[in-house]
Amino acid sequence: MQYQVFVLSQSGSNFVASVIGMPNLTVEGRTEEEAIANAKAALESQLATGKFVTIEVYPNNQPNGTVSEMRYAGIFANDPTFDDFMEKLAVIRFEANAAEDE
């Protein structure tokens, strides 16, 4: 896995490195390289003792029975016909826009 690390120089003798997307993972070092190495070690330690999980949340307070669009996010990710559908939809939209301009 690859992670991005933000390195900040604080004066000439101290560097702070934060792993992007990992809250509370900020370390220091005397050099930029040391700060990055410390960030890598801290991240490896966190990953060794924790894990990533995926959860679904169903809000109970949706107004007037509306459905959250997030329910549909990614449902076509493995659909081999989705790209064809999107191309046909683009053609239909183009034709409709052209008809409006006439």
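For region 4-56, the set of residues classified as surrounded by 10 or more Cβ atoms within 10 Å (Cβ to Cβ) and either in contact with a Gly (Cβ under 7 Å, 6 or more places away or on another chain) or among the small types (Gly, Ala, Ser) (or both) consists of SER9, PHE15, ALA17, SER18, GLY29, ALA35, ALA37, ASN38, ALA39, ALA41, ALA42, SER45, listed by residue number. If you go through region 21-40 and pick out every residue that is touching a residue at least 24 places away in the same chain (Cβ under 8 Å) and touching a strand residue (DSSP E or B) at 6+ places or on another chain (Cβ under 7 Å), you end up with 4.
Selection of region 57-68 for residues being at pLDDT below 80 and exposed (fewer than 10 other Cβ atoms within 10 Å of the Cβ) yields TYR58, PRO59, ASN60, ASN61, PRO63, ASN64, GLY65, THR66, VAL67. Being at pLDDT below 85, charged (D, E, K, R) and not in a loop (DSSP other than H, G, I, E, B) holds for only one residue in ARG93, ARG71, and it is ARG71.
The values are calculated or read from the model by the stated rules, or taken from the named source; none is laboratory data. Predicted model, so just to flag it, every value in this text is computed and none were measured. Because the Cβ atoms are built from the backbone with ideal geometry, glycine has one as well, and the counts that use them run over all protein chains shown.
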